[in-house]
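Trainee: The structure under discussion is supplied below as C-alpha cells; questions concerning it will follow.
The values are calculated or read from the model by the stated rules, or taken from the named source; none is laboratory data. Quick caveat, the model's predicted, so the values are computed rather than measured. Every residue, glycine among them, receives a Cβ derived from its backbone with ideal geometry; neighbour counts consider all protein chains shown.
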Amino acid sequence: MYLLLGIVAFVASILLAFHELLAAFLLSIAAAIVFKAEKKESMFRYSLLISGILFLKLIGNALIPIVMAVLITMIFHPLVDYLYRRYRIRKAISSIAIVILLLLLFMGAFTYLFAIVINQAETVMRNMKYYYSTLPPQIKDMLSQALQDVDISNLFSIINVATSTLSIGFNTMIGIILSIYFLTDAESLVRMVSRRVDLSRFRNFYHITSKYIRTQMGIALFVGLLVFTLSSLMGIKFAILIGFLAGLLNLIPNIGFIITLFLSIIIVAVSSDHVFLDLAKLALVFTIDQITETVITPRIMGQTFKIEPSLIILGLAIGGALFGIVGFVFAVPSVVIIRNLLFPDEPLKLVHEDNSEEL
C-alpha cells in the first residue's frame, strides 16, 4: 500500500513539474521518504534526483553566485594547491590574487569585446530588418507566422539592459567573494563534511566534473580565437562577432556548432557585398575549425570523456526545458554526476589520447 502511494506521488511530481513546482517538489520528497522506508533504493535515488532538480528550479537566480563560485574553484583550485605545495604561498593570498587578476582581466577584455559584439550585432539586426522589408508579402507572412510573437529586433537591447541590472552585478560580487573562501577553505570544508558523510564517491564526481569544465572552457577559448583569426585573415565581415559566438556556443555540446554555423550564415548573408564568396570562405573557416577540434584539440587538452550520446541528448533536452541556455551549458556536467549517482557500478571514464582509460 505504502509502495503504491510512493509510486503515485513520484509520478504526480513529474506531471506537476511544469505547472506547480512547489507541489511537485513536496510530492517528490514524500515519494522519496516512502521509497526509503520501503527499502526501494533505486526508486529512492530517482525520487531524490527529481527533488533535487525541482529544488534547483525553485530557487532559480539564487544559484548564480554559488555556481559562479564553484566554477572558479574547480578551475583554479589546482593552481592554488600547486602554489601552496611548491612555493608555500598561503592559500588565502593566492586565492585573492588569482580572483582579482581574473576580475581585472575579464573587466578589461569583456568591456572592450562586449561593446564591439553589441555594435556588430546591432548592425546585423539593422541589415536583417532592411532585407526583411524587401521580401515579397507572401514570404513576410510565412516568416511572421513562424516567428509569431518573437520580436528579434529587441533582442540585443534586452540583453544590454539585462547585463546592466543591479541583480546581476550583486550576484557577481557575491560569487567572487564566495570563490575566495571556497578556494581558501576547500580542503577544510571537505574534511568537515567527510566526518559525517562518506565523500569517496563524490571525490570522483568532483575530479571528473572539474576536468570537464576546465577542458570545455579551454576548448571554447581556443575555438573562439581560431574562428576569429581565420575569419579576419579571409576578410569576412564581423569576424569578432562570429568568433565570439563560436567560442560561447561551443560550451553547448553537440548542438553548439550547428547553432553557430546557422547564425554565422545569417550574419554573412545580410552583411556581405559578395555573399557567395564569403559563404565559401565561411565554409572553409568552419571546416578547418572542425578538423582542428577533431584532430588537434584532444591532444592539446590531453583527454576526452566517454559519455553515451543518448544521455547527452537527454540531458540537453531536460536542461534546456528547465533552465534555458544555462541548462544547455551545464547539461553534460550534470549528466556526469547523475550518471555516476544512478549507475555507481559503471563509473564514467576518462579516455586518454593513447586510448587507455582511467576513473
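Trainee: Being β-branched (Val, Ile, Thr) and either in contact with a Pro (Cβ under 6 Å, 6 or more places away or on another chain) or surrounded by 18 or more Cβ atoms within 10 Å (Cβ to Cβ) (or both) is the filter here; which residues of segment 76-96 pass it?
Mentor: Hit for segment 76-96 is 80, nothing else.
Trainee: While we're looking at this one, here's another question. Name the pairs: first residue in segment 270-296 and without any contact (Cβ under 8 Å) to a residue 24 or more places away in the chain and within 16 Å of residue 230 (Cβ to Cβ), second residue surrounded by 14 or more Cβ atoms within 10 Å (Cβ to Cβ) and among the β-branched types (Val, Ile, Thr), Cβ to Cβ under 8 Å, at least 6 apart or on different chains?
Mentor: As it stands, the answer is 279/265; 279/268, since those pairs meet every condition given.
Trainee: What is the one condition in (1) buried (at least 16 other Cβ atoms within 10 Å of the Cβ); (2) within 23 Å of the chain's Cα centre (by Cα); (3) of a type in the set (Val, Ile, Thr) that residue 294 does not satisfy?
Mentor: (1)
Trainee: Filtering segment 32-53 down to residues that are assigned to a helix (DSSP H, G or I) and among the charged types (D, E, K, R), which residue is nearest to residue 318 (Cα to Cα)?
Mentor: Here the answer is 45.
Trainee: Being closer than 19 Å to residue 273 by Cα and touching a residue at least 60 places away in the same chain (Cβ under 8 Å) is the filter here; which residues of segment 205-254 pass it?
Mentor: 238, 240, 241
Trainee: Taking segment 270-283, which residues are part of a helix (DSSP H, G or I) and buried (at least 17 other Cβ atoms within 10 Å of the Cβ)?
Mentor: Answer for segment 270-283, where residues must be part of a helix (DSSP H, G or I) and buried (at least 17 other Cβ atoms within 10 Å of the Cβ): 270, 271, 278, 281, 282.
Residue by residue, here is whether (1) polar (S, T, N, Q); (2) under 20 Å from the mean Cα position of the chain (by Cα); (3) buried (at least 16 other Cβ atoms within 10 Å of the Cβ); (4) modelled with pLDDT under 80 holds:
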residue: 169; (1), (2), (3), (4): no, yes, no, yes
residue: 177; (1), (2), (3), (4): no, no, no, no
residue: 197; (1), (2), (3), (4): no, no, no, yes
residue: 212; (1), (2), (3), (4): no, yes, yes, yes
residue: 248; (1), (2), (3), (4): no, yes, yes, no
